[in-house]
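Data block below; observations after.
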Amino acid sequence: MSVSCNMRLTKKLATWSALLVAAPLVLAGCGSGSDDDGAVTFRFANSPTALSLVRIADELGYWDNAGVRPEYVGPATAVPAVQLLDQGAIDIATGMFNNDIDGKVKGFKFTAIASSMLDLPDMPHMAYFTKAGSDITKENLKAIEGKTIGLSGSNSCTDLVIKRYLQNNGVDLNKVNFLELKNELIAPAIERGEVDLGVFHPPLVGVLQSQPDKFTQAFTSFEDWGPLGGQAPYVASNAWLQKYPDAARAFVGVIAKTANWANAHPKESAEIADKTTGYPVEQTTNWHYAPNALLDKASLQLWWDLVEEVGKPLPGSENLKPEDVATNAFNPYAKSADLLESQEDNTEIVTEEQNDGIFKTHLVDIEGLEK
């Protein structure tokens, strides 16, 4: 990476850090409602450096005339997004499904209404990098014993997936040091030799791929959970869904349209990611998204298995199932509120709406629904 590019990224990181510090104040001061043109707003918990279908839709103009539009209020940091939804501090968020399971156990009132990313071999949810020349490879995973893995959060996708993958391949997790660091600090720690393997999401995956003299991609999350992994569904507060059900349906429709566009236009999607995240386009990688924003049981059930095998499940989580958290009731491309069995049932792009309204769901009590 050039000196000018390093300077650009340094300035960006300083700006993002300021935004992250200010986020709690922003979250505390907003309220959802309608704009002057009648569009319903939803307060969306959003990190300034994160890839987001909501922001891609904004760049494409898909929120224009949709009857619903986002109000960006900063990321959920100290308080889990599902708790902020329950408290009415935000209206919609996205995050890994194990947090949604925990939130339901705690009695938070929210519902998952749209899907997000899936894994492909060349477009993974996460990738794992070492310093160039490291002996840690997919064929030599035992080399990580006695060494350090840098990740951005415990009991999260960055933590659970790597632990299960290593455990299933004979690595003694008790001999591995797991170090929590901010995303942007993991790569420098690898360069300094303080971390031996790092866990990264797009767009940082592309940044590291562009520097083969410094970093080597050892393997990806696809190696563990295959094509059905990565789901971080869009969740909405039940209060917002009850108050604005038609806006919720419009929201899911826009997310579905954006997901299908992003999958079909990886180059253009990378250009938008460059603009919204601040990383150079030639270094930007994106996710692959579930077609039509339809939710399924298999990619959600995966999270119960992950947490049970290598995480810390909350008592009572074993009594829940995907249908207790998620629904396709608000998806205009769904034929019913029921979850699909698997994303294998969702391989064709749907361009015509499959229903003329919101399906009745036990997860949200919406007055006036008959079907």
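The values are calculated or read from the model by the stated rules, or taken from the named source; none is laboratory data. Just so it is clear, the model here is predicted, and its values are computed rather than measured. Methodologically, a virtual Cβ is constructed for each residue, glycine included, from the backbone with ideal geometry; neighbour enumeration extends over all protein chains shown. Protein only, heavy atoms only, side chains kept; ligands, DNA and RNA dropped before computing areas. Shrake-Rupley method; radii C 1.70, N 1.55, O 1.52, S 1.80 Å.
Give the calculated FRET efficiency between Ala264 and Asn174 to the nearest 0.05, with a Förster radius of 45 Å applied to their Cβ-Cβ distance.
Calculated transfer efficiency: 0.50.
Before I look further, what does the stretch 37-160 give for accessible area per residue, probe 1.4 Å, in whole square angstrom?
34
At His362 and Asn319, where each label point lies 7 Å from the Cα along Cα→Cβ, what is the point-to-point distance in nanometres?
1.4
Work out Dmax and Rg for the chain from the C-alpha atoms and quote the Rg first, both in angstrom.
20.2, 63
Do the sum for the chain: with -39,500 (n - 2.57) for every DSSP H run of n ≥ 4, divided by all residues, what is the mean residue ellipticity at 222 nm, to the nearest 500 deg cm²/dmol?
Estimated from H runs of four or more residues: -11000 deg cm²/dmol.
Would you work out if the stretch 200-322 is rounded, prolate or oblate? Take a ≥ b ≥ c from the square roots of the eigenvalues of the alpha-carbon gyration tensor; rounded if a/c is under 1.5, else prolate when a/b is larger than b/c, oblate otherwise.
Oblate, because a/c is 1.5 or more while a/b does not exceed b/c.
Taking 19 Å as the cut-off for C-alpha to C-alpha distance, list the pairs among Lys142/Lys175; Lys214/Lys267; Lys297/Lys335; Lys175/Lys214; Lys104/Lys321 that go past it.
Lys214/Lys267; Lys175/Lys214
Given the options Ile113, Phe129, Ser342, identify the residue whose Cα lies farthest towards the positive end of the charge dipole of the chain (+1 on Cβ of Lys, Arg; -1 on Cβ of Asp, Glu).
Phe129
Is there a quick way to get the dipole size of the stretch 264-343? I mean about its Cα centre, with the Cβ of Lys and Arg at +1 and of Asp and Glu at -1; what is the value in debye to the nearest 20?
With only Lys, Arg, Asp and Glu charged at Cβ, the dipole is about 200 debye.
Report in % the part of the accessible area of the stretch 201-295 that belongs to carbon and sulfur, leaving out ligands and nucleic acids; probe 1.4 Å.
Answer for the stretch 201-295: carbon and sulfur cover 54 percent of the accessible area.
Arrange the peptides 229-240, 262-273 so that the one whose residues have, on average, the most other Cβ atoms within 10 Å appears first.
The packing order, highest mean first, is 229-240, 262-273.
Picking from Ala248, Ala45, Ala218, which is most flexible by a Gaussian network model of the chain using Cα springs under 10 Å?
Ala218
Please work out whether the stretch 279-346 counts as rounded, prolate or oblate from its C-alpha gyration tensor, where a ≥ b ≥ c are the square roots of the eigenvalues and a/c under 1.5 means rounded, while otherwise a/b larger than b/c means prolate and anything else oblate?
Here the stretch 279-346 falls in the oblate category.
What order do you get for 199-207, 99-107 when each peptide is scored by the mean count of other beta carbon atoms within 10 Å, highest first?
The peptides rank, most packed first, as 199-207, 99-107.
Starting from the Cα of Lys275, draw a straight line to each of the aspartates and glutamates and keep only those under 15 Å, dropping any in the same chain fewer than 8 residues away.
Answer for Lys275, where 15 Å is the Cα cut-off: Asp58, Glu59, listed by chain and number.
Starting from the Cα gyration tensor of the stretch 246-316, take the square roots of the eigenvalues, sort them a ≥ b ≥ c, and report rounded, prolate or oblate (rounded when a/c is under 1.5, otherwise prolate if a/b is larger than b/c, else oblate).
oblate
Tell me the relative contact order for the chain as a rounded percent, counting alpha carbon contacts under 8 Å between residues six or more apart.
Relative contact order here is 21 percent.
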